[in-house]
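Novice: Could you have a look at this structure, given as structure tokens, before my questions?
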Amino acid sequence: MRNKRDERTTLNAKNEMLTRTEGLVLRTQQYGEADLIVTYLTLSKGIIKAFAKSPRKTKSRFGSSMEPLTYARISLWGKEQSMPRITQSDIINSFCSLRESFKDFTYASKLIEILISITPEGIPNKKLFSFLLGVLNFAEIQITKNSKLRTKNWDLRNKNKDTMYLIFQVRLLVMLGYAPRLKGCGKCGVKSPDFYPHIGTALCGRCAVPSVKGRELPLRLTDSTINFYSHSIEWPINISTRLKPHHETVSRLSSVMDEHLTYLLGKKLMTSEFLAKI
Amino acid sequence: MSNGIVENLINALMKLPGIGRKTAQRLSFYIMGMPADEVKSIAGALLEIKEKARFCRLCFNITEDELCAICSDPARDKSSICVVEEPSNLIVIERTKTYKGLYHVLLGALSPIDGITPEKLKINELLERIKTGGEVAEVIIATNPNTKGETTAQYLSQVLKPLGIKTTRIAQGLPIGGDIEFADEVTIAKALEGRKEMTDNN
């Protein structure tokens, strides 16, 4: 059980607060010579940005606790309206193996980019926090399992990772309430293979009125893509990640999700472009 | 003398990293007390670096000629290339006086979330250099021991593998002069992974 003292806020006469909470490092931005601005997903304050003095120096007391994906117990000091300063950071789980795997880190970065782009700052969401922590734990266990496998077939290992992270991405969008509707027409529910990214749903020939039809060409969905998408959402994560869909199915669903996110965010994801170039 | 020019100098110095208003003010008044020829030499050096500095054609270190002093030195060991993120990293390694090989500066590190892709760095140039050079036997990856540096190292190791060249990564662990007590678990784990057998030097 979580210790209640781990999430507390103390206010002084100058309206400065000491907040203790748990957080996952989402990203870091260099500031000045050796300082960092760290973006956390915290348990008690949602997404926040905090300032860390000199963590990039070799002998910094913060050590590696501000590296992306680190799960840490942090103390923040500052006024409510300004960026707080990190006064303490103790690692709970470093998720070091995820950072040391090029493919895993790139995929995890994609999840984080989606999360940062969609989620507003300062709104606590314990369900989202638990989800992301669960995803990182699950991915870390898979790395340990894979390292014990005798197969040197890296293509097979990477293919499984493509599937696993795509399922995580689908579930993240479901949790954030931005998942596209692929199973049946969004208006009448009739089975339809045409997905319209700018509407965020599949539409049947009758419901896709000429004005919608003319604006953008729909993306064609196959039965296997729709089934894989549904299983990703409905089945428990440890079962859905055992699915071994055809690589064509994975790449089609991946491009549908990317198109949907591009429309949603008004820009292409940096991590999607990165993945396309490696 | 009007306060305008002093204020201009303070504002100009504040643009430098690590210099706040107080330091800029102190430097400004110090500069005012310096002999004119010393001030001119500082100003000249600043202008000179902006006018003459460019990247070495081979390694992308900062130089004023086509090739930097290291690349054009015939005494350097051409069989090893040490890959660093920035020219400032190269200077630090050179200060150790233990490495006699060549360098390659990437001018950054990979970062998926910031959109820093391999073609934005000097990775293709490194591969080309190895392919056409023919003498390189080892590539030492000395990118920073942080996530971006590690991602870059992983990627480099992947793209260098087909070339059949020995690829090594600099050791990671505890800094000299520090206490184990204050190190975090990841750093200690890395230090344990990279431990080496004690040899009898007597």
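No lab work stands behind these numbers, since they all come straight from the coordinates. Keep in mind that what you see is a predicted model, and the values were worked out from it rather than measured. Cβ coordinates were reconstructed from backbone atoms using ideal geometry, including for glycine residues, and neighbour counts include every protein chain displayed.
Novice: Which one, B:Asn146, B:Asn61, B:Asn89, has the greatest fluctuation when you compute a Gaussian network model over chain B with C-alpha springs under 10 angstrom?
Specialist: B:Asn146
Novice: Next up: Which angle between 0 and 90 degrees, to the nearest 10, do you get for helix B:3-13 versus the longest principal axis of chain B when only C-alpha atoms count?
Specialist: Result, in degrees: 0.
Novice: With the contact rule set at Cα under 8 Å and sequence spacing of 6 or more, what percent relative contact order holds for chain B?
Specialist: Once normalised by length, the contact order is 13 percent.
Novice: What order, most packed first, do the peptides A:128-136, B:105-113 have when packing is the mean number of other Cβ atoms within 10 Å of each residue?
Specialist: Packing proxy ranking, top to bottom: B:105-113, A:128-136.
Novice: Within 10 Å of each residue's Cβ, count the other Cβ atoms and sort B:Thr168, A:Thr10 from fewest upward.
Specialist: By the 10 Å Cβ count, ascending: A:Thr10, B:Thr168.
Novice: For region A:36-166, what is the charge dipole size about the Cα centre, in debye to the nearest 20, if Lys and Arg each add +1 at the Cβ and Asp and Glu each add -1 at the Cβ?
Specialist: Value, rounded to 20: 340 debye.
Novice: Let me ask something else. Considering the alpha-carbon set of region B:2-52 alone, what are its Rg and its Dmax in angstrom?
Specialist: 11.6, 34
Novice: Using Cα springs under 10 Å in a Gaussian network model of chain B, which residue among B:Gly178, B:Gly149, B:Gly115 shows the largest mean-square fluctuation?
Specialist: B:Gly178
Novice: Show me, for region B:90-102, the HN-Hα J-couplings you get by feeding each phi into the Karplus relation (A = 6.51, B = -1.76, C = 1.60, θ = phi - 60°), rounded to Hz, glycine and proline as x.
Specialist: Once rounded to whole Hz, the list reads 4, 4, 5, 5, 4, 5, 6, 6, 10, 9, 10, x, 9.
Novice: Using 26 Å as the Cα-Cα cut-off, could you pick out the over-long pairs in A:Lys103/A:Lys183; A:Lys126/B:Lys120; A:Lys14/A:Lys126; A:Lys126/A:Lys148; A:Lys103/A:Lys145?
Specialist: With Cα atoms farther than 26 Å apart: A:Lys103/A:Lys183; A:Lys126/B:Lys120; A:Lys14/A:Lys126; A:Lys126/A:Lys148.
Novice: Using only the Cα atoms of region B:62-197, what are the Rg and Dmax in Å?
Specialist: Just the Cα atoms of region B:62-197 yield Rg and Dmax of 15.9, 48 Å.
Novice: Averaged over peptide A:56-63, how many Cβ atoms belonging to another chain are found within 10 Å of each residue's Cβ?
Specialist: 4
Novice: How far is the Cα center of region B:1-36 from the Cα center of region B:47-67, in Å?
Specialist: 28
Novice: Right, next: What average number of partner chain Cβ atoms lie no more than 10 Å from the Cβ of the residues making up B:185-198?
Specialist: 2
Novice: Also, I was wondering about something else. What order, most packed first, do the peptides A:266-276, B:155-165 have when packing is the mean number of other Cβ atoms within 10 Å of each residue?
Specialist: A:266-276, B:155-165
Novice: Let me ask something else. How much length is gained on full extension from B:Lys100 to B:Gln172, taking 0.36 nm per residue of separation minus their Cα-Cα distance?
Specialist: Once the chain is fully extended between B:Lys100 and B:Gln172, it gains 23.8 nm.
Novice: Could you tell me the largest-minus-smallest coordinate of the C-alpha atoms of region A:1-139 on each of the three principal axes, in descending order and whole angstroms?
Specialist: Ordered largest first, region A:1-139 gives principal extents of 48, 35, 29 Å.
Novice: Partner chain Cβ atoms within 10 Å, averaged over the residues of A:271-278 - can you pull that number for me?
Specialist: 4
Novice: Then there is this: Can you bin region B:144-202 into rounded, prolate or oblate? Criterion: square roots of the alpha carbon gyration tensor eigenvalues sorted a ≥ b ≥ c, rounded for a/c under 1.5, prolate for a/b above b/c, oblate for the rest.
Specialist: Oblate, since a/c reaches 1.5 and b/c is not below a/b.
Novice: Also, I was wondering about something else. Quick one: which residues, 5+ away or cross-chain, put their amide H under 5 Å from the amide H of A:Asp35? H built at 1.01 Å from N.
Specialist: Distant-sequence amide H within range of A:Asp35: A:Ser54.
Novice: Got a sec to turn the phi values of region A:61-76 into Karplus ³J(HN,Hα) couplings, 6.51 cos²θ - 1.76 cosθ + 1.60 with θ = phi - 60°, whole Hz, x for Gly and Pro?
Specialist: Running phi through 6.51 cos²θ - 1.76 cosθ + 1.60 with θ = phi - 60° gives 5, 6, x, 9, 6, 10, 6, x, 6, 5, 9, 9, 9, 10, 10, 10 Hz.
Novice: Still on this structure, please answer the following. Would you calculate the separation in nanometres between label points at B:Lys120 and A:Glu121, each defined as 7 Å from the Cα along the Cα-to-beta-carbon direction?
Specialist: Taking the simple label geometry, B:Lys120 and A:Glu121 are separated by 2.1 nm.
Novice: Can you list residues from other chains, or at least 5 along the same chain, whose modelled amide H is less than 5 Å from the amide H of B:Leu110?
Specialist: Sorted by chain and number, the residues that satisfy this are B:Thr152.
Novice: Could you tell me which residue out of B:Leu156, B:Ser28, B:Phe55 lies farthest along the dipole of chain B toward its positive end? Charges go on the beta carbon: Lys and Arg +1, Asp and Glu -1, centred on the Cα centre.
Specialist: B:Phe55
Novice: Here are some pairs, A:Lys57/A:Lys110; A:Lys57/B:Lys148; A:Lys53/B:Lys190; B:Lys15/B:Lys122; A:Lys110/B:Lys148; which of them have Cα atoms lying more than 19 Å apart in this structure?
Specialist: Too far apart for the 19 Å limit: A:Lys57/A:Lys110; A:Lys53/B:Lys190; B:Lys15/B:Lys122.
Novice: Compute the relative contact order of chain A as a whole-number percentage, counting only Cα pairs closer than 8 Å that sit 6 or more residues apart in sequence.
Specialist: Answer for chain A is 13 percent.
Novice: Please give the FRET efficiency for A:Lys49 paired with A:Asn146, using the beta carbon to beta carbon distance and R0 = 35 Å, rounded to the nearest 0.05.
Specialist: 0.55
Novice: Taking the Cα centre of chain B as origin, sum charge times position over the Cβ atoms of Lys and Arg (+1) and Asp and Glu (-1), and report the length of that vector in debye to the nearest 20.
Specialist: In total the dipole reaches around 260 debye.
Novice: Distance in nm between label sites at A:Asn227 and B:Val39, each 7 Å beyond Cα in the beta-carbon direction?
Specialist: Once both label points are built, they end up 8.1 nm from each other.
Novice: What residues have an amide H closer than 5 Å to that of A:Arg85, excluding those fewer than 5 places away on the same chain, when H is modeled at 1.01 Å from N in the peptide plane?
Specialist: Amide H to amide H, under 5 Å and 5 or more residues apart or across chains, A:Arg85 pairs with A:Phe51, A:Trp77, A:Gly78.
Novice: Shifting gears a bit: Per 0.36 nm of contour for each residue apart, how much would the distance between A:Glu216 and A:Thr10 grow if the chain were fully extended, relative to their Cα-Cα spacing?
Specialist: 68.8 nm
Novice: Where in region B:25-40 is the amide nitrogen less than 16 Å from a point lying 7 Å along the Cα-to-Cβ axis of B:Ile5?
Specialist: Counting backbone N atoms under 16 Å from the label point, the list is B:28-40.
Novice: Take chain A, connect every pair of alpha-carbon atoms lying under 10 Å apart with a spring to form a Gaussian network, then pick out the residue of A:Asn125, A:Asn160, A:Asn146 with the largest mean-square fluctuation.
Specialist: A:Asn146
Novice: Rank these for me by crowding, A:His246, B:His104, A:His260, A:His231, going from fewest to most other beta carbons within 10 Å.
Specialist: A:His246, A:His231, A:His260, B:His104
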